[in-house]
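Worksheet: one structure, shown below.
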Amino acid sequence: MEGNAVMREKLIVEGLSHHYPDEYTGMDIHALDNVNLKVTEGEFAAVVGPSGCGKTTLLNILAGLLPHKVGSVRVDGHEVKGPGPDRGVVFQEHAILPWRTVERNIGHGLEIQGLPAPERKRRVQEFVDLVGLTGFENRYPHELSGGMKQRVALARTLCANPVVMLMDEPFAAVDAQTRITLQEELNRIAIATRKTILFITHNVDEAAFLGDRCFIFTRRPGKLKATVKINLPRESRVWKNAVADPAFTGARDEILSLVREEVRDDDG
Amino acid sequence: MSAAATTFMAGRMGLDRKRMRGIGLGAIPFLVLLGAWELNTFMGWLKPVYIPPLRAVVDAVFTLQEGCSALGILGMHESCLFTNHILSSLGRVGLGLVVGVPLGIGLGVLAGMSRRLSNAMEPVGVFANAISGIAWVPLAIVWFGVGWFTTLFILLNTVFWLVFFNTLLGVRSVPRTYEHSVLTLGGNRWHIISQVYIPGALPSIVTGVRMGIGFGWRALIAAEMIGGNTGLGFMIFVSANEYKVEEVFLGVLLIGIIWMVTDRIILVPLEKWTIERWGLVWRPS
Ligand SMILES: Nc1ncnc2c1ncn2[C@@H]1O[C@H](COP(=O)(O)OP(=O)(O)OP(=O)(O)O)[C@@H](O)[C@H]1O
Ligand SMILES: [Mg+2]
C-alpha cells in the first residue's frame with residue numbers, strides 16, 4: 001500500500017448538476033448544483049448531508065440509473081451513460097430477489113456474466129463465507145433477518161467484482177445493534193477486498209467510523225460543502241476502541257458541526 | 001443432524017395431519033348432500049323426473065358409453081358419447097390456456113413495462129372485461145357458426161383479458177429496486193423480464209390464470225349449450241331437451257368435479273411451490 005505512489009482516480013465527478021422536472025407546479029426541483037469530487041483507488045469515501053439534499057440523486061446518477069445532462073461522471077476513465085457492472089450498488093433495502101436463494105442472489109452477477117456453474121459456485125462460496133452466511137446458502141430471503149438480507153446484498157455486489165461500490169444508506173433499515181456489527185464487518189471487508197467505495201449515510205458516526213474521507217453536502221440544492229479526512233487506521237476501526245480515539249472523535253465532531261450548520265440554517 | 005431431521009419429520013407429519021383434517025371437514029357438506037339425495041330416493045319425496053336416483057346417474061355413464069372400448073375413448077369413437085363430451089370440453093380449455101395464457105402474460109408484461117402501451121390497452125381491457133363471456137355467444141355464432149370456433153372464442157375472450165390484466169398489475173407492483181439491482185449487475189432487458197418482472201408478477205399471474213380458468217370454464221359450458229355441438233354444456237342442453245334428467249345431473253356434477261380437481265391438483269400446488277416458497281404472499285401461520 002505504501003509503495004503505491006501513483007494514486008489512481010477511479011471515480012471523477014465534475015460540474016454535476018441535476019434538476020427534476022415537477023409535473024404539478026411546473027417548477028423544477030434543483031437537486032444537485034455543480035458537484036465536483038474524486039475518489040481514488042481503494043478509498044472509502046463517505047457522503048453525508050441533510051435529508052433531501054440530493055445524496056440518492058447523486059448515487060443514482062453515478063449508477064447510471066438516472067441520466068445526467070449537466071456535468072460529467074467518469075468511472076475508471078469511462079463516461080457513465082447507463083447502468084453497468086463496473087458500478088455495483090447496495091441499496092437501502094428491498095433489493096435482493098425474493099425468488100432466488102442466498103446462493104443464487106449472490107451469484108447473480110456472475111450468472112449474468114455467463115461464468116460456468118462450477119467456477120461460479122466456488123466464487124459464490126468465497127463471498128458467502130466472507131459475509132458470514134455459511135450454512136444459509138439455500139435459504140430464501142424471507143427466511144432471513146434484515147441484517148442477513150443486507151449481507152446478501154453486500155456479497156452480491158462484491159461477488160460481481162465492480163470497479164467502484166456505491167452504497168446508499170445500506171444499514172439505515174436495521175436495528176442499532178445489527179448496524180454496529182455490519183459496520184465493523186464492512187470495515188473488515190474493505191480491508192480484505194480493498195474496494196473503492198462511495199458510501200452514503202446521514203449517520204455522522206457511521207461516516208467517521210467507515211470513511212477515509214467524508215464529503216459533506218449542503219442542503220438542497222446539494223453542493224460539496226467540505227471534505228474531512230479521517231486519519232484512523234482501518235485496523236483500529238472497532239467501535240470499542242474508536243469511541244476513545246481522538247482521530248475518530250475529532251473527525252466526527254468536525255463532520256457533525258458542519259452538518260449541523262446546514263440543518264440549523266434550514267430551520268431558520 | 002438427526003435431531004434436526006427428526007424435528008423436520010415431525011413438522012411434516014403435523015402438517016399432513018392438519019391437511020387431512022382440513023380435507024375431512026371439507027368433505028362433510030358433500031356427504032350430507034349425498035345422504036339427503038339417497039334419502040329422497042328412499043322416501044320418494046321428489047319424483048325421479050326431478051331428482052333421479054344416484055344409481056340412475058351412475059347408470060347413465062354406461063348408457064352413454066355403450067359399445068365403447070378403452071381404445072375408442074382415446075380415439076374419440078362415436079360410441080363413447082360421455083368421454084367424447086368430456087374430452088372436447090377439456091380440449092377446448094387446454095387449447096384456450098395454451099393460447100390465452102402465454103398471450104395474456106406476454107402482452108401483460110409488455111404493457112406493465114410501457115406506460116404508453118398500458119394506456120392504450122387499459123380502456124379496451126376494461127371494456128372487454130365488462131362484457132361477460134356469455135354475452136358474446138350470439139355474436140360469435142353469427143361470426144363463426146356453431147362449433148369449435150365459437151366456444152374457443154368465448155373461452156379465449158375470458159382467459160386472455162383476465163391473465164392480461166393480472167399480469168399488467170403484477171408487473172407494475174414489482175419494486176423498482178429489483179429492476180435497478182439487476183441492471184447494476186450488468187443485466188439487460190431480457191434479464192429484467194425473465195428474472196424480475198415475470199417471477200415478481202407471478203402471484204398476480206397465478207391469480208389471473210386461476211380466475212381465467214374458473215370463469216372461462218363457466219363461460220365455455222354456457223357457450224357449448226347454445227354455440228356448440230359437443231362438450232359437457234352441449235350434453236346437458238340436449239339431455240334436458242330429451243328429459244334425460246339423469247344425464248343432466250351427470251353433466252352438472254362433472255363440471256363441478258373437473259373444476260375442483262384442476263384447482264386442487266394443479267393450481268393450488270403451483271401456488272404453494274413457487275409463491276409461498278418465495279414468501280411473496282402473506283400466509284397464516
Ligand atoms: N423522482 C423525483 N422527482 C422529483 N423530485 C425528486 C425525485 N427524487 C428526488 N426528488 C427531490 O430531489 C431532492 C433530493 O432528493 P434525494 O432523494 O436525492 O435526497 P437524499 O439526500 O437522498 O435524501 P434522504 O437523506 O432523505 O435520503 C428532494 O427534494 C426530493 O424531493
Ligand atoms: Mg436518499
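The values are calculated or read from the model by the stated rules, or taken from the named source; none is laboratory data. Just so it is clear, the structure is predicted and the values come from calculations on it, not from any experiment. As a convention, Cβ positions derive from the backbone with ideal geometry for all residues, glycine included, and neighbour counts pool all protein chains shown.
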- Query: For the stretch A:10-33, does any single residue satisfy the condition of being touching a Ser or Thr at 6+ places or on another chain (Cβ under 6 Å), under 14 Å from A:Leu224 (Cα atoms) and polar (S, T, N, Q)?
  - Reply: no
- Query: In the stretch B:215-256, which residues are polar (S, T, N, Q) and in contact with a helix residue (DSSP H, G or I) (Cβ under 6 Å, 6 or more places away or on another chain)?
  - Reply: B:Thr230, B:Ser239
- Message: Scan the stretch A:54-65 and tell me whether some residue there is surrounded by fewer than 19 Cβ atoms within 10 Å (Cβ to Cβ) and either more than 16 Å from ligand 2 (Cβ to nearest atom) or farther than 25 Å from B:Ile192 by Cα (or both).
- Response: no
- Does the stretch A:32-53 hold any residues that are modelled with pLDDT of 95 or more and within 16 Å of ligand 1 (Cβ to nearest atom), and which are they? A:Leu32, A:Asp33, A:Asn34, A:Val35, A:Leu37, A:Ala45, A:Ala46, A:Val47, A:Val48
- Considering only residues of the stretch A:28-42 that are away from ligand 2 (no atom under 13 Å from the Cβ) and either crowded, with 22+ Cβ neighbours inside 10 Å or of a type in the set (Lys, Arg) (or both), which is farthest from A:Arg8 (Cα to Cα)? A:Val35
- Say we look at the stretch A:110-119 and pick out the residues that are assigned to a helix (DSSP H, G or I) and away from chain B (no Cβ under 13 Å); which of these is surrounded by the fewest Cβ atoms within 10 Å (Cβ to Cβ)? A:Pro118
- Note on the structure: When restricted to B:Ile213, B:Ile192, the only residue of a type in the set (A, V, I, L, M, F, W, C), within 14 Å of another protein chain (Cβ to nearest Cβ) and assigned to a helix (DSSP H, G or I) is B:Ile192
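On the given criteria, is B:Glu271 acidic (Asp, Glu), assigned to a helix (DSSP H, G or I) and closer than 25 Å to B:Val137 by Cα? Walk me through how you get there before you give the answer.
On the way: acidic (Asp, Glu): yes; assigned to a helix (DSSP H, G or I): yes; closer than 25 Å to B:Val137 by Cα: no.
Considered against the rule, which asks whether it is acidic (Asp, Glu), assigned to a helix (DSSP H, G or I) and closer than 25 Å to B:Val137 by Cα, B:Glu271 comes out as no.
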- Which residues, taken from the stretch A:84-109, are in a helix (DSSP H, G or I) and at the interface with chain B (Cβ under 9 Å from one of its Cβ atoms)? A:His108, A:Gly109
- Query: Going by the conditions given, is B:Val261 assigned by TED's automatic domain parsing to the domain that holds B:Leu64, part of a helix (DSSP H, G or I), more than 27 Å from B:Gly125 (Cβ to Cβ) and over 12 Å from the mean Cα position of the chain (by Cα)?
  - Reply: no
- Task: Answer yes if at least one residue in the stretch B:188-198 is within 16 Å of the chain's Cα centre (by Cα) and within 18 Å of B:Leu270 (Cα to Cα), and no otherwise.
- Result: no
- Task: Return the total of residues in the stretch B:165-183 being small (Gly, Ala, Ser) and surrounded by fewer than 21 Cβ atoms within 10 Å (Cβ to Cβ).
- Result: 1
- Query: What's the number of the condition B:Ile265 fails, among (1) at pLDDT below 90; (2) within 14 Å of chain A (Cβ to nearest Cβ)?
  - Reply: (2)
- Looking at (1) near ligand 1 (Cβ under 8 Å from one of its atoms); (2) within 14 Å of chain B (Cβ to nearest Cβ); (3) not hydroxyl-bearing (Ser, Thr, Tyr), find the lone condition where A:Asp22 falls short. (2)
- Query: Is it true that A:Glu235 is closer than 30 Å to A:Asn105 by Cβ and either of a type in the set (Asp, Glu) or not in a helix (DSSP H, G or I) (or both)?
  - Reply: no
- Message: Looking at B:Val126, B:Val101, B:Val109, B:Val142, can you tell me which residue is within 22 Å of B:Thr207 (Cα to Cα) and loosely packed, with under 15 Cβ neighbours inside 10 Å?
- Response: B:Val126
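With respect to A:Val13, determine if the residue is touching a Cys at 6+ places or on another chain (Cβ under 8 Å), part of a strand (DSSP E or B) and crowded, with 16+ Cβ neighbours inside 10 Å. Show your work before the answer.
Working: touching a Cys at 6+ places or on another chain (Cβ under 8 Å): no; part of a strand (DSSP E or B): yes; crowded, with 16+ Cβ neighbours inside 10 Å: yes.
Spelling it out, it is not the case that A:Val13 is touching a Cys at 6+ places or on another chain (Cβ under 8 Å), part of a strand (DSSP E or B) and crowded, with 16+ Cβ neighbours inside 10 Å.
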- Task: Confirm whether B:Leu156 is buried (at least 17 other Cβ atoms within 10 Å of the Cβ) and either within 14 Å of chain A (Cβ to nearest Cβ) or more than 28 Å from A:Thr57 (Cα to Cα) (or both).
- Result: yes
- Complete set of residues in the stretch A:84-109 that are of a type in the set (S, T, N, Q) and buried (at least 21 other Cβ atoms within 10 Å of the Cβ): A:Asn105
- Message: Quick check on A:Pro50: is it more than 16 Å from ligand 2 (Cβ to nearest atom) and not charged (D, E, K, R)?
- Response: no
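Specify which of the listed residues (A:Leu59, A:Leu66) is within 16 Å of ligand 1 (Cβ to nearest atom), within 14 Å of chain B (Cβ to nearest Cβ) and touching a strand residue (DSSP E or B) at 6+ places or on another chain (Cβ under 6 Å). Full working, then the answer.
Details: A:Leu66 fails: touching a strand residue (DSSP E or B) at 6+ places or on another chain (Cβ under 6 Å).
Matching residue, one of A:Leu59, A:Leu66: A:Leu59.
Residues that are over 14 Å from the mean Cα position of the chain (by Cα), at least 1 per element: which strands (runs of 3 or more DSSP E) completely within the stretch A:148-232 meet that?
Values: elements: A:164-168, A:196-200, A:213-217, A:224-229.
Ranges flagged: A:213-217, A:224-229.
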